[in-house]
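Chemist: Below: one structure in structure tokens.
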Amino acid sequence: MTPIRIGLLGIGTIGSGTYEVLNRNLDEITRRVGRPLVITRVADLDLDLAKQVTNGDVELTNDAHTVTRDPDIDIVIELIGGYTIARDLVLDAIANGKHVVTANKALLAMHGNEIFSAAHEKHVMVAFEAAVGGGIPIIKALREGLVANRIEWIAAIINGTTNFILSEMRDRGIDFQTALDEAQEKGYAEADPTFDIEGVDAAHKLALMAAMAFGIPIHFDKVHTEGITTIEQADIRYAERLGYRLKLLAITRKRAEGVELRVHPTLVPEGRLIANVEGVMNAVLVEADAVGSTLYYGAGAGSHPTASAVIADLVDVARLITADPGERVPHLAFQPDQLSDTPILLMDDVETSYYLRMRLADQPGVLADVTKILGDQGVSISAALQVEPSEQESAADFVVITDTTTERAIRTAIASIEGLSSSFAEVIWLRMERLS
Ligand code: HSE
């Protein structure tokens, strides 16, 4: 049995996990593949670390290009991260006829269209199961398991850091900054936590899933992206009183007019399974026409869970290496010449429900003004809650949940409410998904 020879670029958290799990389970994996998978070369700038992880059992280098150009390497694993050096190395590996496995969601969200097209021309594979949802086999599900279906929508918790922060804020009543500090101490956040808390990491992953779900190119630049930095305790509590939990959801939905692509804090009915995904765990809920709802849950990050996905890709590539390139599973699920130019919808055209928190004068007729403004925009109220003001207060919180409406209508209504002399503060508003 000729071994498959692998070059590993980057032996940090995921790289060392991949090295450890592959060696620990090598017998079992070889029985499954029929050929041993052997990491023969490792490139990392930190050679001491590389030596420590590998016990000096493989050839080490600090020049990654010697790996991408090594004629003896069959598969290159890119675990460096970022999108500058990683892009050069991945394109170089492809140009040299190597198959590539990567966990790099940022790279694929930004440059995936170029990378997949280069791979298609060179008849090599770029596998990326670890790029979305860590250890959860969601790429496999979207590209293969659900292939019989028309996918209707996906709603996903695909950033563990923000889910941890929102869970801690709800459970312990702590504020955003305290919860973020804890997430960083525990090592959950990306090197630059802005990508987590501003929703960018989730947007990277959503752009990839939408491409596979709907047969469209990767449109990272068109994802409407909002993070969780402005979330206040009051809204988590009011949402809870009304029967909802607040989650950072990545949502994509195919409508007749186009595709919705959006990441934002979202109220979800507390009875839904996805509302109960807590801490750093990830979950992806897919609604498809034949199978209905399916939910994929698991560890979205971490050394060994992510290594599980990287090694699954190695096995896939090893199994498919001899197949006719035209018969392989397409990178983005649909054949490259069959991608459609379905428009991505503007946020104003998105249709969903909304949570509004208003600070209103405690005087007659104020609620009538607010409900008239909403009614004039065709917005129907589904639930409302007014908190009785204390004796010292002259204003009260009034919280409303709407039926489905357009973002255009709700923005217009909010502007009018804020213009009322009886409105004392900006309206806090959040989107809500019933996911039914
Ligand atoms: N920072 C990411 C998260 C790690 O919090 O989920 C995996 O992409």
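Chemist: Please specify each residue of region 264-290 satisfying the condition of being farther than 21 Å from Pro137 by Cα and touching a strand residue (DSSP E or B) at 6+ places or on another chain (Cβ under 9 Å).
Modeler: Once the filter is applied, which keeps residues that are farther than 21 Å from Pro137 by Cα and touching a strand residue (DSSP E or B) at 6+ places or on another chain (Cβ under 9 Å), region 264-290 yields His264, Pro265, Thr266, Leu267, Val268, Pro269, Glu270, Arg272.
Chemist: A follow-up question, please. Taking region 39-73 as the region of interest, how many residues are farther than 18 Å from Gly10 by Cβ and under 33 Å from the mean Cα position of the chain (by Cα)?
Modeler: 0
Chemist: If I ask for residues that are assigned to a loop (DSSP other than H, G, I, E, B), among the aliphatic types (A, V, I, L, M) and within 15 Å of the ligand (Cβ to nearest atom), which ones from region 199-233 would you list?
Modeler: Ile228
Chemist: Anything in region 102-154 that is within 16 Å of the ligand (Cβ to nearest atom) and in a strand (DSSP E or B)? List them, or say none.
Modeler: Within region 102-154, Thr102 is the sole residue that qualifies.
Chemist: Do you know which of the residues in region 1-25 that are more than 30 Å from the chain's Cα centre (by Cα) and more than 19 Å from Thr102 (Cβ to Cβ) is modelled with the highest pLDDT?
Modeler: In this case the residue turns out to be Pro3.
Chemist: Mind checking whether some residue in region 227-239 is aliphatic (A, V, I, L, M) and either without any contact (Cβ under 8 Å) to a residue 40 or more places away in the chain or within 19 Å of Asp341 (Cβ to Cβ) (or both)?
Modeler: no
Chemist: Within region 316-325, can you find the residues that are surrounded by fewer than 21 Cβ atoms within 10 Å (Cβ to Cβ) and either within 16 Å of the ligand (Cβ to nearest atom) or of a type in the set (A, V, I, L, M) (or both)?
Modeler: Selection gives Leu320, Ile321, Ala323.
Chemist: Being part of a loop (DSSP other than H, G, I, E, B) and free of Cβ contacts under 8 Å to residues at least 12 places away in the same chain, is that true of even one residue in region 240-254?
Modeler: Checked region 240-254: no residue is part of a loop (DSSP other than H, G, I, E, B) and free of Cβ contacts under 8 Å to residues at least 12 places away in the same chain.
Chemist: Something else: Give the residues of region 155-169 that are part of a helix (DSSP H, G or I) and near the ligand (Cβ under 10 Å from one of its atoms), sorted by residue number.
Modeler: Correct list: Gly160, Thr161, Thr162, Asn163, Phe164, Ile165.
Conditions tested, residue by residue: (1) surrounded by fewer than 23 Cβ atoms within 10 Å (Cβ to Cβ); (2) under 17 Å from Phe195 (Cα atoms); (3) of a type outside the set (A, V, I, L, M).
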{"site": "Pro217", "(1), (2), (3)": "yes, no, yes"}
{"site": "Thr229", "(1), (2), (3)": "yes, yes, yes"}
{"site": "Gly271", "(1), (2), (3)": "yes, no, yes"}
{"site": "Glu278", "(1), (2), (3)": "yes, no, yes"}
{"site": "Met281", "(1), (2), (3)": "yes, no, no"}
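Chemist: For the subset of region 330-348 comprising residues that are without any contact (Cβ under 8 Å) to a residue 40 or more places away in the chain and part of a loop (DSSP other than H, G, I, E, B), which member is surrounded by the fewest Cβ atoms within 10 Å (Cβ to Cβ)?
Modeler: Filtering region 330-348 for residues that are without any contact (Cβ under 8 Å) to a residue 40 or more places away in the chain and part of a loop (DSSP other than H, G, I, E, B), the one surrounded by the fewest Cβ atoms within 10 Å (Cβ to Cβ) comes out as Gln335.
Chemist: Kindly check whether there is at least one residue in region 37-45 that is at pLDDT 95 or above, closer than 30 Å to Tyr188 by Cα, touching a helix residue (DSSP H, G or I) at 6+ places or on another chain (Cβ under 8 Å) and surrounded by fewer than 17 Cβ atoms within 10 Å (Cβ to Cβ).
Modeler: No, region 37-45 contains no residue that is at pLDDT 95 or above, closer than 30 Å to Tyr188 by Cα, touching a helix residue (DSSP H, G or I) at 6+ places or on another chain (Cβ under 8 Å) and surrounded by fewer than 17 Cβ atoms within 10 Å (Cβ to Cβ).
Chemist: Report yes if Gly243 is small (Gly, Ala, Ser) and within 16 Å of the ligand (Cβ to nearest atom), otherwise no.
Modeler: It is false that Gly243 is small (Gly, Ala, Ser) and within 16 Å of the ligand (Cβ to nearest atom).
Chemist: Select from region 170-198 the residues that are assigned to a loop (DSSP other than H, G, I, E, B), free of Cβ contacts under 8 Å to residues at least 40 places away in the same chain and more than 11 Å from the ligand (Cβ to nearest atom) and list them in ascending order.
Modeler: Ile174, Glu198 - these are the residues of region 170-198 that are assigned to a loop (DSSP other than H, G, I, E, B), free of Cβ contacts under 8 Å to residues at least 40 places away in the same chain and more than 11 Å from the ligand (Cβ to nearest atom).
Chemist: Grab the strands (runs of 3 or more DSSP E) fully contained in region 8-101, keeping just those with 3 or more residues being over 17 Å from Glu129 (Cβ atoms).
Modeler: 37-43, 59-61
Chemist: Right, something else. Return the total of residues in region 282-311 being part of a helix (DSSP H, G or I) and more than 16 Å from the ligand (Cβ to nearest atom).
Modeler: 1
Chemist: If we keep just the residues of region 47-88 that are closer than 24 Å to Val21 by Cβ and hydroxyl-bearing (Ser, Thr, Tyr), which is surrounded by the fewest Cβ atoms within 10 Å (Cβ to Cβ)?
Modeler: Checked region 47-88; the qualifying residue surrounded by the fewest Cβ atoms within 10 Å (Cβ to Cβ) is Thr61.
Chemist: Give me the residue from region 169-191 that is surrounded by 12 or more Cβ atoms within 10 Å (Cβ to Cβ) and under 18 Å from the mean Cα position of the chain (by Cα) and, out of that set, modelled with the lowest pLDDT.
Modeler: Restricting to residues being surrounded by 12 or more Cβ atoms within 10 Å (Cβ to Cβ) and under 18 Å from the mean Cα position of the chain (by Cα), the top hit is Glu190.
Chemist: Given the options Val90, Val124, Val101, name the one that is at pLDDT 95 or above, of a type outside the set (Lys, Arg), in contact with a Gly (Cβ under 7 Å, 6 or more places away or on another chain) and under 21 Å from Arg328 (Cβ atoms).
Modeler: The unique qualifying residue is Val124.
The values are calculated or read from the model by the stated rules, or taken from the named source; none is laboratory data. Since the model is a prediction, treat every value here as computed from it, not as a measurement. Virtual Cβ from ideal backbone geometry, glycine too; neighbours counted across all protein chains shown.
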